[in-house]
Amino acid sequence: MSQLPLQLPVLQNWSCHNCGGCCRQHAIEITAEEKLRIEQQNWSGEPGFQQGEPIFEWHSGPPWNKRYKLAHRADGACVFLNEQGLCRIHAKFGEPAKPLACRIYPYAFHPGGKAVNVGLRFSCPSVVANLGKKLTENRNELKELQRLVVPESAEFSPPPLITAKER
């Protein structure tokens, strides 16, 4: 089965402007595979890292099935955010080496019938200011991200009903 076509916002622009806001305001949960990959990148002793500084935090789950997130420093920054507002993982190993949650932000993919609607999260200042390239110019990048986050079997599913107790 092939991917559903992408439906992109017509009047929305976006490019990353390296403000670092996303690396400060979000807890990035990582998969076991991502944790292992980052551990194998051997960050201890790298510039910008203190000896023994944790790069992961236990996020949730029982001790036998821990879930982790990227650690943050006292100022709220992800441990991989450098002084120039850039990701150290991205700088050293390229964009594909970053955790998937970091790669897709600020995009949001919503399967909806015969297409996948792409939206943007307005917690990003560049989205709010409509800065950067037209989203249509990012179509190839978006198709690759779609392949990673939207199952080929994805179809439209209505939102769950909310009962009075859940409001």
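Restricting attention to region 119-147 and to residues that are touching a helix residue (DSSP H, G or I) at 6+ places or on another chain (Cβ under 6 Å) and outside any loop (DSSP other than H, G, I, E, B), the residue that is nearest to ARG37 (Cα to Cα) turns out to be LEU145.
Here's the yes/no breakdown for (1) among the polar types (S, T, N, Q); (2) at pLDDT 90 or above; (3) farther than 24 Å from PHE122 by Cα:
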| site | (1), (2), (3) |
| --- | --- |
| PRO9 | no, yes, no |
| CYS22 | no, yes, no |
| PRO47 | no, no, yes |
| PRO54 | no, yes, yes |
| SER60 | yes, no, yes |
| LYS66 | no, no, yes |
| CYS87 | no, yes, no |
| GLU95 | no, yes, no |
| PRO99 | no, yes, no |
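Kindly evaluate TRP43 against the criterion of being more than 18 Å from the chain's Cα centre (by Cα), not in a loop (DSSP other than H, G, I, E, B) and not hydroxyl-bearing (Ser, Thr, Tyr).
No; evaluated as a whole, the condition is false for this residue.
Taken residue by residue, region 8-24 has at least one member that is surrounded by fewer than 11 Cβ atoms within 10 Å (Cβ to Cβ) and in the same structural domain as ARG139 (by TED's automatic domain parsing).
Looking at ALA101, ALA115, ALA71, just one residue is in contact with a Pro (Cβ under 7 Å, 6 or more places away or on another chain) and under 25 Å from ASN130 (Cβ atoms), and that residue is ALA115.
The values are calculated or read from the model by the stated rules, or taken from the named source; none is laboratory data. Every value quoted in this text rests on a predicted model; they were computed, and no experiment measured them. When we count neighbours, we look across all protein chains shown, and the Cβ atoms used for this are built from the backbone with ideal geometry, even at glycine.
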